[in-house]
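Written below as structure tokens is the structure these notes are about.
The values are calculated or read from the model by the stated rules, or taken from the named source; none is laboratory data. Since this is a predicted model, take the numbers as computed values, not measurements. Reconstructed Cβ throughout: ideal geometry from the backbone, glycine too, with neighbour counts over all protein chains shown.
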Amino acid sequence: MGKLICPICGRKQGSMIQSAFIFTGNNRYEICFECGQLVDLIRRADDFASVSEQRRILLNRMSLTEIDEDLKDYLMKYIEPEDSIKPKDIDSAIENEKKQKEEQEKEEILHKIEQNRRDIEQKRRNFLITTGFNFEGYSIKKYLGVVTNEALVGTGFFSELSNEVNDFFGLESLTNKSKLSQSKSTALYRLRDDAILEGANALIGVDFDIMTFSNNTIVTSVNGTAVWIEKDS
């Protein structure tokens, strides 16, 4: 029996030397045991980088002979796979995927925040408020409880001085009037938002209480009943 010539490295092997076989799909090749071990290790490797030394050795062995193109193409798929990713590329890919995921989550959060803002603005525009206990053309479908809120506004030294001057001449204090109006508006807006959070679309029986403290502070307390109303058909 003649000696085996390995089609990869071109070395002659004795007839008793163990050999291996490669099936490319088109052809069957009998190769030497050493080349067979290298090919087997490379094919079974989970990590492309972990067999870099074996790939280098096999490539060197292939350069020793005129290797068949069919066999060469088969082996090169494992030595230099087209879709291989080097370790640093893997780290980069993972980092990019992480960044993309974070950006996507950020966009989703911002979208939800913007959507909630629009929903609240829409509810504020459609919200109805009355000091009475009903709305003409509407029916109260649900009572959601009493809500209360307050607003504090400081008058300050100059406001106090202006009050004393206006009081001396018997004039209306426009400064305090403006601050009181501001306090009432702030308290009412807060009350409306509290009612919206309770699931209401209207307030009835709204009532204001005004108090002043010795530290030049005006406190406006407002309360009302949060309700859900629907237009009569």
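Given the conditions (1) under 36 Å from the mean Cα position of the chain (by Cα); (2) surrounded by fewer than 19 Cβ atoms within 10 Å (Cβ to Cβ), and given that residue 192 satisfies all but one, which numbered condition is not satisfied?
Condition not satisfied by residue 192: (2).
Check region 168-182 and report whether any residue there is at pLDDT 85 or above, out of contact with any Gly (no Cβ under 6 Å at 6 or more places or on another chain) and surrounded by 16 or more Cβ atoms within 10 Å (Cβ to Cβ).
Scanning region 168-182, I find no residue that is at pLDDT 85 or above, out of contact with any Gly (no Cβ under 6 Å at 6 or more places or on another chain) and surrounded by 16 or more Cβ atoms within 10 Å (Cβ to Cβ), so the answer is no.
Please work out if residue 42 is assigned to a helix (DSSP H, G or I), surrounded by fewer than 18 Cβ atoms within 10 Å (Cβ to Cβ) and touching a helix residue (DSSP H, G or I) at 6+ places or on another chain (Cβ under 8 Å).
In short, no.
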